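A.B. asks: Got a structure for you, questions after.
Just so it is clear, none of the values below were taken in a lab; they were calculated from the coordinates. Bear in mind the structure is a predicted one, so any value in this text is a computation, not a measurement. So basically every Cβ, Gly included, is an ideal-geometry build from the backbone, and we count neighbours across all protein chains shown.
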Amino acid sequence: MDVKLEDYLKKNNIWYRFIEKPETIHTSDAAEKACVKLEKVTKSLILLDENKNAVLAIIPGDKKLSFSKLKNAVKSKKVRMVAFEDAEKYSGYLPGATPMVFHKLKMKVVVDKKLTQYESIYGGGGTRLKLLELKVEDVIKLNQAIVDDITE
């Protein structure tokens with residue numbers, strides 16, 4: 001991508017904070033290394049709907065995605081995860097580094113309703129060496145996200 005994640009945030013006047021951490025892929029490791037509560041560290045999961053359109057599901061790190069709830073949220077007959085090695089084609093980032101905003105492809109984004117209880121949440125920081133803290137309202141606004149209950 002030509003525009004970097006941090007430049008995008010600055011250009012849009014978004015409050016943010018990067019937290020450096022040792023390299024991690026799994027959300028629980030990232031939370032532990034950054035000393036952040038697991039329920040505030042998000043998983044950014046890339047799925048495809050019935051028409052092969054990419055969907056980004058942003059859920060708390062301590063929860064599991066409900067495929068049936070996500071299908072309802074995006075009004076699709078089916079959704080399926082993209083293969084781990086294919087995720088970068090859609091987001092522009094390695095799995096474990098995917099931020100909650102600013103992706104390679106325009107995707108429908110669904111934010112789990114449980115995250116709206118927090119002022120800010122953490123997600124991939126564009127590399128596996130960083131977490132990015134953003135305000136929940138900015139994640140929703142920048143993505144024009146759907147907010148719904150999509151976890152089990």
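A.B. asks: Identify the residue in the stretch 58-72 that is in a strand (DSSP E or B) and out of contact with any Lys or Arg (no Cβ under 6 Å at 6 or more places or on another chain) and, among all such residues, is farthest from PHE102 (Cα to Cα).
C.D. replies: LEU65
A.B. asks: If you take the residues of the stretch 114-152 that are among the basic types (Lys, Arg) and surrounded by 15 or more Cβ atoms within 10 Å (Cβ to Cβ), which of them is nearest to LYS64 (Cα to Cα)?
C.D. replies: Selected residue: LYS114.
A.B. asks: Further, regarding this structure: Evaluate the stretch 90-101: report whether one residue or more is loosely packed, with under 13 Cβ neighbours inside 10 Å and touching a strand residue (DSSP E or B) at 6+ places or on another chain (Cβ under 9 Å).
C.D. replies: No: the stretch 90-101 contains no residue that is loosely packed, with under 13 Cβ neighbours inside 10 Å and touching a strand residue (DSSP E or B) at 6+ places or on another chain (Cβ under 9 Å).
A.B. asks: Which residue pairs have Cβ atoms under 6 Å apart, sit 6 or more places apart or on different chains, and have a first residue in the stretch 107-132 that is under 18 Å from ARG17 (Cα atoms) and a second that is part of a strand (DSSP E or B) and among the aliphatic types (A, V, I, L, M)?
C.D. replies: So the pair list comes out as LEU115/ILE121; TYR122/VAL41; TYR122/LEU131; GLY123/LEU132; GLY125/LEU131; GLY125/LEU132; LEU131/ILE19.
A.B. asks: While we're here: Counting just the residues of the stretch 50-66 that are of a type outside the set (Gly, Ala, Ser), in contact with a helix residue (DSSP H, G or I) (Cβ under 6 Å, 6 or more places away or on another chain) and in contact (Cβ under 8 Å) with a residue 40 or more places away in the chain, which one comes out nearest to LYS89 (Cα to Cα)?
C.D. replies: Start the filter on the stretch 50-66 by keeping residues that are of a type outside the set (Gly, Ala, Ser), which leaves 50-53, 55-56, 58-60, 62-65.
Subset that is in contact with a helix residue (DSSP H, G or I) (Cβ under 6 Å, 6 or more places away or on another chain): 55, 60, 62.
Those still in the list that are in contact (Cβ under 8 Å) with a residue 40 or more places away in the chain too: 55, 60.
Details: VAL55: 13, PRO60: 23 Å.
Across the stretch 50-66, the extreme among qualifying residues is VAL55.
A.B. asks: OK, next. For the stretch 63-80, which positions are over 15 Å from SER44 (Cβ atoms) and of a type in the set (Lys, Arg)?
C.D. replies: Of everything in the stretch 63-80, those that are over 15 Å from SER44 (Cβ atoms) and of a type in the set (Lys, Arg) turn out to be LYS69, LYS71, LYS75, LYS77, LYS78, ARG80.
A.B. asks: Is there any pair with a first residue in the stretch 77-89 that is without any contact (Cβ under 8 Å) to a residue 12 or more places away in the chain and under 14 Å from VAL55 (Cβ atoms) and a second that is of a type outside the set (Gly, Ala, Ser) and surrounded by fewer than 14 Cβ atoms within 10 Å (Cβ to Cβ) whose Cβ atoms are under 9 Å apart and which are 6 or more apart or on different chains, and what are they?
C.D. replies: Note: no pairs meet the criteria.
A.B. asks: Is there a residue being among the acidic types (Asp, Glu) and in contact with a Phe, Trp or Tyr (Cβ under 7 Å, 6 or more places away or on another chain) anywhere in the stretch 121-135?
C.D. replies: yes
A.B. asks: Taking the residues in the stretch 76-89 that are of a type in the set (D, E, K, R) and assigned to a loop (DSSP other than H, G, I, E, B) as candidates, determine which candidate is surrounded by the most Cβ atoms within 10 Å (Cβ to Cβ).
C.D. replies: Among residues in the stretch 76-89 that are of a type in the set (D, E, K, R) and assigned to a loop (DSSP other than H, G, I, E, B), the one surrounded by the most Cβ atoms within 10 Å (Cβ to Cβ) is LYS78.
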